[in-house]
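Quick note: the coordinates plus some simple rules give every number you see, no bench work behind them. Quick caveat: nothing in here was measured; it's all calculated off a predicted structure. Ideal geometry is used to build each Cβ from the backbone, glycine not excepted, and the neighbour counts take in all protein chains shown.
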Amino acid sequence: MRSSELLFFALSIAAAAKGQLANNAFVTPQQLAAGAGDTKMKVQGYGFTSSMQVLWNGQPRATQFVNDFLLKVTITRSDLAAPTLGQLSVVDTSTGQAIAPAIPILVYLPLANNGATNDAMRGKIYVSVSVQDPNGPSLAIVDTVQGIVERYIPLPSDPRTLALTADANYLYVGMTDRIRRIDLTGGTPNADVPASVINALVPSLSPSNTFAPTSLLALPNQDTSFIVAVDTGFVGGSAFVVDGTTVRPGYSNDAGTCLVGTPDGVTIYGGPGLRETTLSATGLPFGPYYENDSLDTGPTCPVYANGLIYGSDGDVVNPVSQTRVQWIAASGNVDVVTENGEIHFLDQQGGSGTSVSLQFKAFGMQSGSLLKNIPLGIQMSVANGGSSNGYLIHWGTNGVAFGDYSTLNSNVATRLYMFQVP
């Protein structure tokens with residue numbers, strides 16, 4: 001085998017290992033930060049000539065021919081103005097022929113975060129910015145039209161889970177020392193529930209015990225009432241009902257780590273598995289009156305929509321009949337877009353851990369058939385961080401956002417991805 005063939009073979013193996021092989025081309029870096037200036041990328045492959053042109057989303061960009069195996073291209077500042085899913089391709093200008101399929105390049109917001117939620121009324125995404133981020137613990141308000149952080153609201157401790165009230169008047173933020181309600185009219189704190197008040201209700205905990213909220217659920221038609229699930233050391237997690245700043249004395253020790261939804265403000269669904277409990281004037285009963293772990297809703301938080309629970313293992317469950325009514329051929333973080341009649345997945349393909357190749361998939365809610373399959377060009381295990389971490393949310397008519405849990409078992413996403421689904 002000649003040296004050029006050996007090099008091509010080595011490049012092909014390296015590209016395949018990166019999960020970026022596209023016929024005879026792969027690129028570095030594989031992702032770019034939004035807001036960066038003009039950025040050079042390397043396109044490596046075999047058989048390049050001086051007539052090769054690199055395109056960004058179908059538009060030519062300044063291309064430097066280095067040798068048969070390497071091109072360099074400059075992605076412009078305007079290309080990187082906002083987070084998106086770009087497509088890099090190579091054409092031979094002498095023939096007009098594409099020499100490789102488009103390679104996906106994610107442009108991200110560099111935010112260390114613990115979660116996010118969408119405010120459809122205002123066109124904003126709220127992001128719980130980790131204490132590990134240079135901005136410190138805070139709430140980032142992201143404008144979905146421009147794809148930029150328009151404001152940071154400082155917080156006194158590390159924010160974890162978020163919940164928006166049905167009328168979008170308030171946002172609840174679960175932190176490591178309190179639950180804070182933020183009035184979204186002015187973005188100001190409205191009320192605090194100290195962790196010590198909740199911890200004091202659990203005999204096995206001291207008021208100074210580490211507070212670990214895993215999920216929040218705002219009760220419908222009750223702006224100042226919510227439920228918080230807390231990791232108290234019990235297998236099923238504990239859940240507490242709060243009215244304003246008063247915690248009801250009754251609590252559940254088996255409500256699950258994810259508070260999934262409530263159809264009537266009284267029946268409460270949780271996961272993983274299928275857990276159901278009923279709200280009372282004193283709080284939640286000590287144990288749920290129904291639990292079915294055989295109806296596995298997956299390793300990450302399921303979603304409640306239109307009377308059904310959609311799990312991250314593809315199961316669609318009717319919680320009333322306690323039966324599985326549909327199965328979707330996907331596995332990963334899940335979201336339901338009732339406006340479009342679609343079920344969205346971050347689908348893990350190709351293995352586990354860092355060898356996973358991530359794809360975005362959209363399925364019809366009624367048919368369960370695959371509508372869209374979009375490779376994202378990254379390796380990520382979306383179940384990293386445990387059952388309450390990892391997220392996929394939608395915004396606008398066809399926008400999606402998710403965090404990058406790139407380190408195995410990490411509780412903190414290092415980046416925020418946002419793009420419009422083609």
Quiz item: Tally Lys and Arg at +1 and Asp and Glu at -1 over the other residues with C-beta under 14 Å from the C-beta of Tyr417: what net charge comes out?
Solution: -1
Quiz item: Counting Lys and Arg as +1 and Asp and Glu as -1, what is the net charge of the other residues whose Cβ lies under 13 Å from the Cβ of Phe345?
Solution: -3
Practice problem: Report the local net charge at Thr39: Lys and Arg +1, Asp and Glu -1, summed over other residues whose C-beta lies under 13 Å from its C-beta. | Solution: +3
